[in-house]
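A.B. asks: Here it is: the structure, laid out below.
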Amino acid sequence: MINEILLKKYIGEENFKSGCIRPNKYKDSIKYADDLIEFINKYSFLYENRSLDFFRDNIWSRLIPEEWKQPLLDLTDDECVEFHSGTVIKDEWPISLKTFITNAVELWIPKNVYLPDDQWILQDTKKDFALDSLFLGMSEKKIHEILRMSEFVNMIAKQLNPNEIVDIGAGEAYLTQILNHQFNHSMTAIDCSESFIEGAIKRQSLIENQRIKKELKQQKETTTTTTTTTTTTTTTTTTNNTEIINNKLKLNNNENNLNEIKKIKEIEKKEIMNKLNLKSTNMCVTTISTDMKNDDFLNILNRNDSSKNYESIMLIGLHTCGILPPTMIKNYLQCSNIDSIIDVGCCYYKIDTDSNHEFMSDHCIKKNLKLGPAPLKLSCEASDSSQKDLESFKYSSRIHYYRVILEDWILNEMNNKLNKLVGIDLIKSHDFTIRNISKNQSKDYKSYYNAALIRMKRQQKEQSIHLDFNLPETCQPIISYFEQQNQKQQEKQISIFLLLRSLLAPVLESIIVLDRFLYLNQFSSTTQSFIIPIFNKLISPRNLIILSFKNKKIIK
């Protein structure tokens, strides 16, 4: 059973019946989807071209409406910082520009968390973790996400009582481990990356060792609080058991075979965990697909650990990428043993390079909206953190300007040789990865281009890409090209283009998430589904949970 009062705390009274958070003006999810699609189609010129091709595709003069140009160029830096929030609109601006901004903001799916910060049990601090090893390797952002997600999953799991919780796309199993060792759920972690699972197993070993010691200490302290007579006997026994167990954890250094020592250690550790009634997470390297049948998912789990009970399964995912969320949803619906799903999607663009996004709901499919890699990438470009202050905005704009000119130089150089043969530019892109160059290496355009050239040379050597492209010995040719092209007006134009795109980005994400909800609602006779904001959007912009469960009644 799901408690209605409890769920309303997370989704709001006004959204509970429909299950879907929507802008205030919309009472119907279908109408909301229609308006999202209409807006995206109308302003598709903002995402059809890469911002990196700003000069090559003549974006400013060819795509930006003429009556928008001067008003936007007149924006101050402070106004630019606030522009992405949709609050900068001037009376003297043309109606078409004001309409674009107003309509965009009205379409953004609400992302404010309904449950106040002080009402969350876990308060985003390391003190909230039962074991120090549980937050090992986590950033402050990750701590916020893991604590919020684990608390929410635990709350739902305590009401639905699944036999097993399966973390899909678990990575190094941060979420899995806290649900296992802090909330005592039986867990399975699945990831397609062997290296991630190897890292998760190493973390698990550290966590289990710390938990064993903590449990033994608590046992000893509990035993010593009994009566004097019992204490004498039991304390001695517990102390002896503790010494035996601790001695078992300390391997015999005289053993010669290290592999044998490792095996013995693992066996003995399992014996200790069994005595303490502690369960290890089942770590699994595999992939799941949309064409799996009912028993296929169960077979994966049983092949890795047949000792567990999979009668009732909860699927969870934290920032699952690309097609993984739709895959999870389809497996949830077709596998009778999977009773519930809790997922936060991310990185919608991580699909096949030339593929379009595949909408799930019948309604969105009929609308024939095409979203390729470019708009999918834009849908994940949250401006909340990158433009939170003037300094951050200026830095972000400057670096992107450097990058645009570098892109122009690379493609010009690549096409120069080809031009001599065929007379036209045929190369439109390249395989160099040039992003996230550190601030220390981006103090000015010279240091930025030097770092970029070093990176390209390394990629050319290590990845064997563009071996026929002769990179210069030094970055001087790139610097000279920048100095020839550099114009303050052009830098402002690129910034304006990015700001306009920043208003469209939340609209794109809204239709992607809403489509998944609409698809689940096609099965409303057997499932109940919700969209719920869970993370602070300024800390973690991809903050929308899809929650769905089967054949469970909501109690008031």
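The values are calculated or read from the model by the stated rules, or taken from the named source; none is laboratory data. This one's a predicted model, so the numbers in the text were calculated from it and none came from an experiment. Here the Cβ positions follow ideal geometry from the backbone for every residue, glycine too, while neighbour counts run over all protein chains shown. We work out accessible area using only protein heavy atoms, side chains counted, and drop any ligands, DNA or RNA first. Shrake-Rupley method; radii C 1.70, N 1.55, O 1.52, S 1.80 Å.
A.B. asks: Roughly speaking, what is the stretch gain from Ser307 to Lys141, that is 0.36 nm per residue apart minus the C-alpha to C-alpha distance, in nm to one decimal? Walk me through the intermediate numbers first.
C.D. replies: Values: separation 166, 0.36 × 166 = 59.76 nm, distance 3.55 nm.
That pair, Ser307 and Lys141, stretches by 56.2 nm at full extension.
A.B. asks: Now a separate question. Within region 33-109, which trypsin sites (Lys or Arg not before Pro) sit in a loop by DSSP and count at most 13 neighbouring Cβ atoms inside 10 Å? Could the numbers behind the result be given before it?
C.D. replies: Details: sites: Lys42, Arg50, Arg56, Arg62, Lys69, Lys90, Lys98; in loops: Arg50, Arg56, Lys90.
Taking region 33-109 and a limit of 13 other Cβ atoms within 10 Å, the loop trypsin sites (Lys or Arg not before Pro) found are Lys90.
A.B. asks: Suppose we keep just the DSSP beta bridges with both residues in the chain; what percent of those would be antiparallel, to 5? It would help to have the intermediate numbers written out before the result.
C.D. replies: Numbers: 12 of 34 bridges.
About 35 percent, rounded to the nearest 5.
A.B. asks: Over region 265-340, with the other protein chains present, what is the accessible area per residue in square angstrom, probe 1.4 angstrom? Could the numbers behind the result be given before it?
C.D. replies: Details: 3510 Å² over 76 residues.
For region 265-340, the solvent-accessible area averages 46 Å² per residue.
A.B. asks: Cross-link partners among aspartates and glutamates for Lys279, C-alpha distance below 19 Å, same-chain residues fewer than 8 apart left out?
C.D. replies: Asp132, Glu164, Asp167, Glu172, Glu198, Glu208, Glu215, Glu266, Glu268, Glu271, Asp305, Glu311
A.B. asks: Further question: Identify all aspartates and glutamates with a Cα-Cα distance to Lys537 below 17 Å; exclude those on the same chain that are fewer than 8 residues away in sequence.
C.D. replies: Within the straight-line limit of under 17 Å, Lys537 reaches these aspartates and glutamates: Glu82, Asp117, Asp118, Asp124, Glu140, Glu145, Asp343, Glu381, Asp384, Asp389, Glu509.
A.B. asks: Assign one of three labels to region 443-487, namely rounded, prolate or oblate, based on the Cα gyration tensor with a ≥ b ≥ c the square roots of its eigenvalues; rounded applies when a/c is under 1.5, prolate when it is not and a/b is larger than b/c, and oblate otherwise. List each step's numbers first, then the result.
C.D. replies: Working: a/c = 2.96, a/b = 1.89, b/c = 1.57.
It comes out prolate by the Cα gyration axes.
A.B. asks: Arrange the residues Phe393, Phe135 by how much accessible surface each exposes, largest first, with a 1.4 angstrom probe. Display every interim value, and only then the final one.
C.D. replies: Working: Phe393 10, Phe135 40 Å².
Sorted descending by solvent-accessible area, the residues read Phe135, Phe393.
A.B. asks: Assuming R0 = 60 Å, can you tell me the calculated FRET efficiency for the pair Lys275 and Lys366, based on Cβ-Cβ distance, to the nearest 0.05? Please report the intermediate quantities before stating the final value.
C.D. replies: Values: r = 59 Å, r/R0 = 0.99.
After rounding to 0.05, the efficiency reads 0.50.
A.B. asks: Right, here's the next one. What's log10 of I(q)/I(0) for region 442-556 at q = 0.22 Å⁻¹, Debye sum over Cα points only, no solvent?
C.D. replies: Each listed q maps to, in turn, -1.16.
A.B. asks: Here's something else I'd like to know. Give me the one-decimal nm value for the distance between modelled label points at Lys8 and Glu483, 7 Å along each residue's Cα-to-Cβ direction.
C.D. replies: If labels sit at Lys8 and Glu483, their model points lie 6.9 nm apart.
A.B. asks: What number comes out for the charge environment of Glu491, summing +1 per Lys or Arg and -1 per Asp or Glu over other residues with Cβ under 11 Å away? List each step's numbers first, then the result.
C.D. replies: Working: positive: Lys394, Arg398, Lys488, Lys492; negative: none.
Result for the local shell: +4.
A.B. asks: GluC sites (Glu not before Pro), restricted to region 1-106: which are DSSP loop and have at most 15 other Cβ atoms within 10 Å?
C.D. replies: Glu48, Glu92
A.B. asks: Put Lys111, Lys27 in order of accessible area, largest first, 1.4 Å probe: what do you get? Walk me through the numbers on the way to the answer.
C.D. replies: On the way: Lys111 35, Lys27 165 Å².
Heavy-atom accessible area, descending, gives Lys27, Lys111.
A.B. asks: At 222 nm, what helix-only mean residue ellipticity would the chain give, in deg cm²/dmol to the nearest 500, using -39500 (n - 2.57) for each DSSP H run of four or more? Please list the in-between numbers first.
C.D. replies: Details: 21 runs with 293 residues, N = 556.
Value at 222 nm, helices only: -17000 deg cm²/dmol.
A.B. asks: Using alpha carbons only, how many degrees (0 to 90, rounded to 10) separate the axis of helix 140-160 from the longest principal axis of the chain?
C.D. replies: The two axes meet at around 60 degrees.
A.B. asks: Among the GluC sites (Glu not before Pro) within region 418-524, which fall in a DSSP loop and have no more than 16 other Cβ atoms within 10 Å of their own Cβ? All intermediate terms of the calculation are to be shown ahead of the outcome.
C.D. replies: Values: sites: Glu462, Glu473, Glu483, Glu491, Glu509; in loops: Glu473.
Loop-located and lightly packed - Glu473.
A.B. asks: Could I ask something else about it? First measure r as the distance between the Cβ atoms of Ser464 and Asp389, then evaluate 1/(1 + (r/R0)^6) with R0 = 41 Å and state the FRET efficiency to the nearest 0.05. Can you show the working numbers first?
C.D. replies: Working: r = 42 Å, r/R0 = 1.02.
Efficiency, rounded to the nearest 0.05: 0.50.
A.B. asks: Once you've got the Cα coordinates, tell me which of Lys350/Lys377; Lys428/Lys461; Lys27/Lys90; Lys126/Lys214; Lys17/Lys550; Lys31/Lys350 are over 19 Å apart. Walk me through the numbers on the way to the answer.
C.D. replies: Numbers: Lys350/Lys377 8 Å; Lys428/Lys461 22 Å; Lys27/Lys90 30 Å; Lys126/Lys214 17 Å; Lys17/Lys550 16 Å; Lys31/Lys350 28 Å.
Exceeds cut-off: Lys428/Lys461; Lys27/Lys90; Lys31/Lys350.
A.B. asks: Can you compute the modelled spin-label distance between Asn112 and Asn58, with each label point 7 Å from Cα toward Cβ, in nm?
C.D. replies: Once both label points are built, they end up 4.6 nm from each other.
A.B. asks: If you compute semi-axes √(5λ) of the Cα gyration tensor in Å for the structure shown, which of (i) 48, 31, 23; (ii) 45, 27, 25; (iii) 44, 29, 21 do you land on?
C.D. replies: (i)
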